[in-house]
1. Considering only the range 423-450, state which residues are more than 16 Å from residue 359 (Cβ to Cβ) and crowded, with 17+ Cβ neighbours inside 10 Å.
2. Looking at 170, 162 in this structure, which one is of a type in the set (S, T, N, Q), surrounded by 22 or more Cβ atoms within 10 Å (Cβ to Cβ), within 16 Å of the ligand (Cβ to nearest atom) and touching a residue at least 40 places away in the same chain (Cβ under 8 Å)?
3. For the range 14-25, check the following and say yes or no: at least one residue is part of a loop (DSSP other than H, G, I, E, B), more than 27 Å from the chain's Cα centre (by Cα) and either within 15 Å of the ligand (Cβ to nearest atom) or crowded, with 22+ Cβ neighbours inside 10 Å (or both).
4. With respect to residue 41, determine if the residue is touching a residue at least 24 places away in the same chain (Cβ under 8 Å), assigned to a helix (DSSP H, G or I) and open to solvent by 40 Å² or more (accessible area, probe 1.4 Å).
5. In the range 102-138, what residues are open to solvent by 10 Å² or more (accessible area, probe 1.4 Å), of a type in the set (A, V, I, L, M, F, W, C) and within 16 Å of the ligand (Cβ to nearest atom)?
6. Kindly provide the set of residues from the range 68-94 that are more than 14 Å from the ligand (Cβ to nearest atom), over 11 Å from residue 473 (Cα atoms) and either in contact (Cβ under 8 Å) with a residue 60 or more places away in the chain or aromatic (Phe, Trp, Tyr) (or both), ordered by number.
7. Within the range 30-57, restricting attention to residues that are closer than 24 Å to residue 439 by Cβ and polar (S, T, N, Q), which residue is nearest to the ligand (Cβ to nearest atom)?
8. Got at least one residue in the range 424-444 being within 16 Å of the ligand (Cβ to nearest atom), without any contact (Cβ under 8 Å) to a residue 24 or more places away in the chain and not in a loop (DSSP other than H, G, I, E, B)?
Amino acid sequence: MTTLTSPQTDLIGQLRAICGTANVLTHEDPSADLSPWEQDWRKRVHGRALAVVRPGDTAQVAAVVKACAATGTSIVPQGGNTGLVVGSVPDASGTQIVLSMARMNAVRAIDPANLTITVEAGCVLQNLQAAAENAGFLFPLSLGAEGSCTIGGNLGTNAGGTQVVRYGNTRELCLGLEVVTAQGEVWHGLSGLRKDNTGYDLRNLMIGSEGTLGIITAATLKLYPQPAAQLTAWAAVPSMEAAVQLLGLAHQRLGPGLTGFEVMNQFSLSLVDKHYPQLRVPLWQGTPWCVLLENSDSENEQHARSQFEALLEAAMDSGCVRDAIVAESLSQARGLWHIRESITLAQVQEGLNIKHDISIPVSRIPDFVAETDALLAREVPGVRMVDFGHLGDGNLHYNVQAPEGGDGKAFLRDFEDKVNTLVFDQVKRFGGSISAEHGVGELKAGKLPHYKDPTALAMMRAVKKALDPKNILNPGRVLT
Ligand SMILES: Cc1cc2nc3c(=O)[nH]c(=O)nc-3n(C[C@H](O)[C@H](O)[C@H](O)COP(=O)(O)OP(=O)(O)OC[C@H]3O[C@@H](n4cnc5c(N)ncnc54)[C@H](O)[C@@H]3O)c2cc1C
């Protein structure tokens, strides 16, 4: 056990006075297990916190930040701790506090005429979706971690998910924020306005800042009407070029009805078939790629089905689809999505791999994949490519699996840097981004100077310095 300094002991006393003793956990209490807050989701990093602090309202957050600012103690905001880039856990120093937003999970208000919902940052995404649904609306953000991630974390990382092609990223779903600044002041920005041109867009500055510029305590978000019908199709396509052609056709024929467009290569589906044979992956064996499409219709199911069938017929006539099925029921549709969402877990079952979450302009993805696959095969013989993702958004999870039967740990040790450099250099050459949706965190902070425009990076540093001059908010994340 480490001994606390006298200022640290004083600070913990203050934090207990602010949030209540039960809501400030420290290693001094032998019965307290802090590891769920100290360990990242992928178990790559296990830090050590000075304390885990769980405020119950915005005033408490502000008071905690003031106390920390006075002692120069850094703060790591944490929501559901499902982030994939090591951004929500403390470093190993034992000097940082984790600010868990989990207790601030209330739905504050629903405004049906304004089509908005206002929730606290610790509200779990699934609960937010349910609150919207209970009020007769749709909150369209949807991702694999929705049962645990929070809206504060979604905003902190500007999360994407499966419906971006229609509704945009979390940024596009947010109209207002309440934020505690690095000085412990509260910015009351829960406007719910769709138009407000009164200067710099602070909301958009906070969104995607990964807890480095302010602590989001609440948000006003957009609601949408529930679609009258939602249909899902699965298509076998002969090439990535054909998948892009199908995407163009789907935009043309379905318009705003196109709410999902996911692509999966044969190897990624073979992993699902191997590790979860009960899921019965359709149409994957004779084709290099499959596509999952979703059509949300504002009229009725018959309209949605006839639109989908006309699209697939046109696609088959033009040769960009070889074979396709349209789900007959909601449970079949869920089954198809479940296959897509099981790729990540199937990869884990198969062993260690090197993950990339990249975006490239859609038109350039076929050339990117062909060139980069060939480069990797030449430079790292035997690697297996798990290519899948949100093609509708130009976002691929371009993952590199160790050679079959090889030692995964040795593969990572010997090849992770080489593979990352090769892939990221290609992403830059093709005008893409090295982090499409997961953010930068600590994992990629060191990469930004190589892959981000230097002027953009300088402006980011200036913003950070202006808003958090003492560098107490999530230091070492996003910017090094
Ligand atoms: C199975 C799985 C599937 C996933 N699928 C997707 C996907 O499809 N698309 C996608 O974009 N991501 C995906 N993710 C990544 C992750 O779920 C998202 O990044 C999510 O938005 C993180 O939310 P969280 O509440 O868990 O945040 P955390 O992991 O707790 O934090 C993430 C970052 O946000 C900051 N933060 C948290 N709360 C606040 C706050 N209140 N104020 C300011 N900063 C804050 C943290 O400091 C950290 O930097 C997936 C993760 C998993 C495990």
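The values are calculated or read from the model by the stated rules, or taken from the named source; none is laboratory data. Since the structure is predicted, the reported quantities are computational estimates derived from the model, not experimental observations. Here the Cβ is made from the backbone with ideal geometry for all residues, glycine too, and neighbour counts use every protein chain on show. Note: accessible area is taken over every heavy atom of the protein model, side chains too, but ligands, DNA and RNA are not part of it. Shrake-Rupley method; radii C 1.70, N 1.55, O 1.52, S 1.80 Å.
1. So the first thing to find is which residues in the range 423-450 are more than 16 Å from residue 359 (Cβ to Cβ), and the list is 441-443, 445-446, 449-450.
441, 442, 443, 445, listed by residue number.
2. 162
3. Within the range 14-25, the first condition is being part of a loop (DSSP other than H, G, I, E, B), and the residues that meet it are 20.
After this cut, where a residue has to be more than 27 Å from the chain's Cα centre (by Cα) as well, the list is 20.
This time we only want the ones that are either within 15 Å of the ligand (Cβ to nearest atom) or crowded, with 22+ Cβ neighbours inside 10 Å (or both), so: none.
Scanning the range 14-25, I find no residue that is part of a loop (DSSP other than H, G, I, E, B), more than 27 Å from the chain's Cα centre (by Cα) and either within 15 Å of the ligand (Cβ to nearest atom) or crowded, with 22+ Cβ neighbours inside 10 Å (or both), so the answer is no.
4. No; evaluated as a whole, the condition is false for this residue.
5. Result: 102, 106, 107, 124.
6. Of the range 68-94, the ones more than 14 Å from the ligand (Cβ to nearest atom) are 68-73, 92-94.
Right, trim to over 11 Å from residue 473 (Cα atoms) and you get 70-71, 92-94.
71, 94 - these are the residues of the range 68-94 that are more than 14 Å from the ligand (Cβ to nearest atom), over 11 Å from residue 473 (Cα atoms) and either in contact (Cβ under 8 Å) with a residue 60 or more places away in the chain or aromatic (Phe, Trp, Tyr) (or both).
7. 39
8. no
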